[in-house]
Amino acid sequence: MLYGRSNIFRYAREALARHGVPARPFPIVPLIGPHGSGGTAVLRQLRQLGAEHPGAALNLDGVQDVGSVVFAAVHELGRQHIHGMRRVRRFPRLAVVAAALSYAGTAEDVPAFRAHVRDSLGTGDIEATVASWTDRAAPLVAVTGQPDLTRFLADVLGSLLSGVKARRVDGLAASLGGYNLLRKQTNTWREGLDGDLGRSAQHQVDRLLVAAFIGDLRADFNRGPWFVQRPSNAFLLLDNCDKDIARQFLEHIAGVRGAAYKARVRADPLLVIAVQHGTYHDNAQHPIASTDPALRFVRPDRKAPYPEHARLWYPVALSPLIREDVQELIGTSPRGDLAQDVTFLLAITAGHPAATSLLTKLMAELGRSTFAAPGVLHRALPDDLELSFIRRSQRGGTVADVLIRTLLGLDPAPVSGTAPTLIARLAACAAAVPLDPEAAKSVYGFNSWPDTIKEDLSVLGAGLWLTPPPDPTAAGPILPGTQLHPLIVRLLRHWLARSPTLWADVHRAYARYYDNQHDARYLTHTLALVEPTNRAPLTDVVARLEHEVANGLKTQWHGLLGQATAVPGRLPVSDNPSATVNLIAGPAVTKPSLSLSIARLTVAKWLHDDILMDPGRQLEPIVNIEDVLVGTHFPPPR
């Protein structure tokens, strides 16, 4: 999904255009958004830059360690062939690190350590050490099929050893801190210690690998005067950087660059763009929106004063689609009303790219039937429908099932038994308008569920479904005023409506809580209990609204009505929503009572406000007529 992402492509193209050695290190560019926000599609499009610029594209979904990322990048850079440009196949510092890590002698014998490094590089005897990483690196390469591990290892060894010359080994070791430092760091790591010492040793070796990788790129690209240097910078595209290992790799790059910048070492040529589906943890640096025109690469002025600190991160928030994007995505309307279709899609998806793409394909495949009863979220997906952004394991069932698996990673199967599943608890939280953790606690207690509100909402926070994102240091589960993404609200409420008993228990608990608080949201959850076979809650809501008419404040009364109809119910979807109004509230009569007019207005507005219940906006005349009739009962203004 590439709409609204043009600023990212412009930034990448401008950053990769080389004008001598970069005056500052490139900031790492995390592309931040929930699953399905189009980050993978952006990287797929950026990979096409490989025809002109050296680079690598990796998928870190299954990453196991930092070293495997480094060697996967080495492999991809080395195998790329661009006409008129030599391959990036000189990584001698990495070869020195590999040789150091293969040393099995005593830690105190520095001369023996130096001799081992030199001999290993002279004979190419680092294969076993490198193979321990390349076996884990090969699956990260963004290609289909099973990788040839033998060929993969051979390609990496070629890139490591091709730039090694015996007379330069001591100098390469010195650029990494010298033999003594290398011996200390690698010896601690080889001991395989547990606990804090082991983690510290692994961190040092990871930093060493990244420093060698960046140092080799810096030496390759910055060698000689500008007119003999490579004509382009390089890129590294990283998808699914959600695991701690992936984040550590990025932090190591930033750390290496920060140290080099402070030491006035010339900048490396690598542009790193990484997709993250979770909260960006540097709260001091707010991400810029992908649609913001200010998102552009600014080449530093070499004559400007040298800043004390380099900008090492440039987080970008993947913005939702806007009306113009959706209109362009649809192209032509299967219903003959493009504006209405755009409104329909935005109302359901709130501009979420993957969900919008899926529903657009359904519109093209199924035409008008997509919008007919039982509604688009209930629609079973055709087996032969091509869904390139959805994994095969996430397919099956209805449109709502696929979106729940894809976006939330949850099993949409209905609840069985009394044990509350995570999706049941999240759906209970989403039933409130707006999100209200305190009220949700009462729902958990009403249903005898354990108090896991903070842990449950952290799942939504980690997926960037909460706005603003939760503060990891806050004592409470979320900040006051936090909103849940409209699409996730709709999916979770839709799921909850499949279980009549659970739906009733949740809304009954909310209604009791808000009634005790004398909060108008009591009306919301009482109306949610209305069904064709249970009109009693509607009678209660109508009675309370009728009582408020006597106050004479029409604006305030309409606010109460809007609060009452804020949550979609679980009434049956119909091609004729007017018939549903007649069934639930009663048919129109010539001289209606105030209670009948309020009942018809409430139900008609309730259905009309939910675009899935009234996609053709058929109920607007009933809403207007009944509103006028109710208005005649308000006392005249004073």
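The values are calculated or read from the model by the stated rules, or taken from the named source; none is laboratory data. Predicted model, so just to flag it, every value in this text is computed and none were measured. Counting neighbours? That spans all protein chains shown, and the Cβs are built from the backbone with ideal geometry, glycine included. Side chains included, ligands, DNA and RNA excluded: accessible areas come from the protein's heavy atoms. Shrake-Rupley method; radii C 1.70, N 1.55, O 1.52, S 1.80 Å.
Below is a table of values for the structure above.
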item	result
Residue count for segment 199-234, restricted to those that are in a helix (DSSP H, G or I) and either closer than 13 Å to V256 by Cβ or not β-branched (V, I, T) (or both)	25
Filter result (of a type in the set (V, I, T) and open to solvent by 20 Å² or more (accessible area, probe 1.4 Å)) within segment 114-128	T123
Segment 531-584: number of residues that are within 21 Å of P500 (Cβ to Cβ), hydroxyl-bearing (S, T, Y) and outside any loop (DSSP other than H, G, I, E, B)	2
Residues of segment 215-245 satisfying the condition of being at pLDDT below 90 and among the β-branched types (V, I, T)	V228
Failed item, numbered, when F249 is tested on (1) under 25 Å from S200 (Cα atoms); (2) crowded, with 22+ Cβ neighbours inside 10 Å; (3) out of contact with any strand residue (DSSP E or B) (no Cβ under 7 Å at 6 or more places or on another chain); (4) modelled with pLDDT under 95	(4)
Residues located in segment 133-179, provided they are farther than 27 Å from A259 by Cα, surrounded by fewer than 20 Cβ atoms within 10 Å (Cβ to Cβ), touching a residue at least 40 places away in the same chain (Cβ under 8 Å) and among the small types (G, A, S)	A142, G158, S162, A166
Pairs with Cβ under 7 Å, 6+ apart, first in segment 456-475 and over 15 Å from P437 (Cβ atoms) and surrounded by fewer than 16 Cβ atoms within 10 Å (Cβ to Cβ), second of a type in the set (V, I, T) and at pLDDT below 75	none
Number of the condition not met by Y103 [criteria: (1) modelled with pLDDT under 90; (2) in a helix (DSSP H, G or I)]	(2)
Index of the failed condition, A56 passing every other in (1) assigned to a helix (DSSP H, G or I); (2) modelled with pLDDT of 90 or more; (3) touching an Asp or Glu at 6+ places or on another chain (Cβ under 7 Å)	(1)
Filter result (open to solvent by less than 20 Å² (accessible area, probe 1.4 Å) and not in a helix (DSSP H, G or I)) within segment 1-19	R5
Pairs, first touching a residue at least 12 places away in the same chain (Cβ under 8 Å) in segment 428-440, second open to solvent by 10 Å² or more (accessible area, probe 1.4 Å) and in a helix (DSSP H, G or I), C-beta under 6 Å, six or more apart	A430/V489; A430/R493; A439/Y513
Filter result for H608 (open to solvent by 20 Å² or more (accessible area, probe 1.4 Å), without any contact (Cβ under 8 Å) to a residue 60 or more places away in the chain and closer than 26 Å to D519 by Cβ)	yes
Close pairs (9 angstrom Cβ cut-off, 6 or more residues apart or separate chains): under 30 Å from D337 (Cα atoms) in segment 614-638, of a type in the set (F, W, Y) and assigned to a loop (DSSP other than H, G, I, E, B) anywhere	P615/F371; G616/F371
Residue, farthest from G178 (Cα to Cα), within segment 75-98, restricted to residues that are in a helix (DSSP H, G or I) and open to solvent by 30 Å² or more (accessible area, probe 1.4 Å)	R79
Subset of segment 620-638 that is assigned to a helix (DSSP H, G or I) and open to solvent by less than 80 Å² (accessible area, probe 1.4 Å) - its residue that is farthest from P587 (Cα to Cα)	G631
Every pair of residues 6+ apart whose Cβ atoms lie under 6 Å, when the first sits in segment 215-244 and is surrounded by 22 or more Cβ atoms within 10 Å (Cβ to Cβ) while the second is among the acidic types (D, E)	L217/D268; R218/D268
Criterion: without any contact (Cβ under 8 Å) to a residue 12 or more places away in the chain, open to solvent by less than 40 Å² (accessible area, probe 1.4 Å) and in a helix (DSSP H, G or I) - qualifying residue of L596, L601	L596
Matching residues in segment 561-599 - criterion: being charged (D, E, K, R) and closer than 25 Å to Y510 by Cβ	R570
Matching option when the condition is of a type outside the set (K, R), touching a strand residue (DSSP E or B) at 6+ places or on another chain (Cβ under 7 Å), farther than 18 Å from D515 by Cβ and open to solvent by less than 30 Å² (accessible area, probe 1.4 Å), among L435, L426	L435
Qualifying residues in segment 511-535 (those that are more than 28 Å from L435 (Cβ to Cβ) and not hydroxyl-bearing (S, T, Y)) - the one most open to solvent (accessible area, probe 1.4 Å)	R535
Qualifying residue in segment 31-44 (condition: open to solvent by 10 Å² or more (accessible area, probe 1.4 Å), in contact (Cβ under 8 Å) with a residue 60 or more places away in the chain and of a type in the set (D, E, K, R))	no
